1. Roughly what would the spin-label model give for Lys227 and Lys6, points 7 Å off Cα along C-beta, in nm?
2. Projecting each Cα onto the charge dipole of the chain (Lys/Arg +1, Asp/Glu -1 at the beta carbon, about the Cα centre), which of Ala41, Cys83, Gly141 comes out farthest on the positive side?
3. For the chain, with only Lys/Arg (+1) and Asp/Glu (-1) charged at the beta-carbon, what is the dipole magnitude about the Cα centre, in debye rounded to 20?
4. Not counting the cut sites, what is the longest span of the chain without GluC sites (Glu not before Pro) that DSSP labels loop and that have at most 13 other Cβ atoms within 10 Å?
5. Lys/Arg Cβ at +1, Asp/Glu Cβ at -1, dipole of the chain taken about the Cα centre: which of Gly193, Leu31, Val97 is farthest positive-ward?
6. Assuming R0 = 45 Å, can you tell me the calculated FRET efficiency for the pair His138 and Ala262, based on Cβ-Cβ distance, to the nearest 0.05?
7. Answer rounded, prolate or oblate for the stretch 114-265, using the Cα gyration tensor with square roots of eigenvalues a ≥ b ≥ c: rounded when a/c is under 1.5, else prolate when a/b is larger than b/c, else oblate.
8. If you stretched the chain out fully between Ala81 and Ser182, how much longer would it get, using 0.36 nm times the residue separation minus the C-alpha to C-alpha distance?
Amino acid sequence: MADRMKGKVVVVTGAGSSGPGWGNGKAAAALYAREGASVLAVDYRIAAALETAEQIKSEGGKCVAARANVADSADVQAMAAECIRHFGRIDVLHNNVGIVEVGGPVETDEDAWNRVIAVNQSSVYLTCKYVIPHMLEHGSGSIVNIASVAATRWIGFPYLAYSAAKAAILAMTQNMAIQYASQGIRANCVLPGFMDTPLIREPLKETYGGDTGEMIDKRNKQVPTGKMGDGWDTAYAALFLASDEAKYITGTSLVVDGGLTARCA
């Protein structure tokens, strides 16, 4: 155990991987715990949250699993209350929930659009709505929102709803950062690029030709470093922004993409 997050209480939404391996949320939850934090691991699928919690506890860390649909106001209120009940405070809110729908305005049906906006964007509004008051009670807090480089530019295929939601998160984060800067609360974004996580396996397979191996190979070749990142790359960036090492950083976006967007600029 290290101590970069010693004594902190962290809520991680989307803390369960969507398949075998380490997704962004699961890696972040584990890393916060390894650095001394007490973690509330939240996921819509309680089995996934429990898996993350068991992994953390097997390493000697502190973690409680919770189920919540973070696009539902009542669930989010209950999530915040559960964290207070278990740990007494909330120091860090790590918003990791995200779903992917590929398609432009013609291909994306209204139900898919509404679902992506609710899960990826409205969830950030709701979690902040019900967590920030607890941070204000202590006069401190850090919010880390996981957005995407797709929020800033075209990355190879139509991602309309996903891009729109992630772009909104950038604006929301900057708004909150300025509103609460004088009250001890920071808000920042991490913008991952192409990441090799369980989330990409099924939604993007068909877009790249229907073969998972071919999809991974093509995505690796699109990155200047020659290889996609992984959940740990996102997690370490989030850890820095959440920690006191970043006490003078707020309203910023940290790009983690192996040079992808620098080459596209």
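All of the numbers you see were taken from the coordinates with simple rules; none came from a lab. Note that the structure is a prediction, hence the values are computed from the model and not measured. Here Cβ is always computed from backbone atoms with ideal geometry, including for glycine, and neighbour counts include all displayed protein chains.
1. 3.3
2. Gly141
3. Working: 24 positive and 27 negative charges, 135 e Å.
Here the chain has a charge dipole of around 660 debye.
4. Values: sites that count: Glu59, Glu107.
Here the longest segment lacking exposed loop sites spans 108-265.
5. Leu31
6. Numbers: r = 38 Å, r/R0 = 0.85.
With R0 = 45 Å, the Cβ-Cβ based efficiency is 0.75.
7. Details: a/c = 2.38, a/b = 1.80, b/c = 1.32.
Since a/c reaches 1.5 and a/b is larger than b/c, the shape of the stretch 114-265 is classed as prolate.
8. Numbers: separation 101, 0.36 × 101 = 36.36 nm, distance 2.52 nm.
Difference between extended and current length: 33.8 nm.
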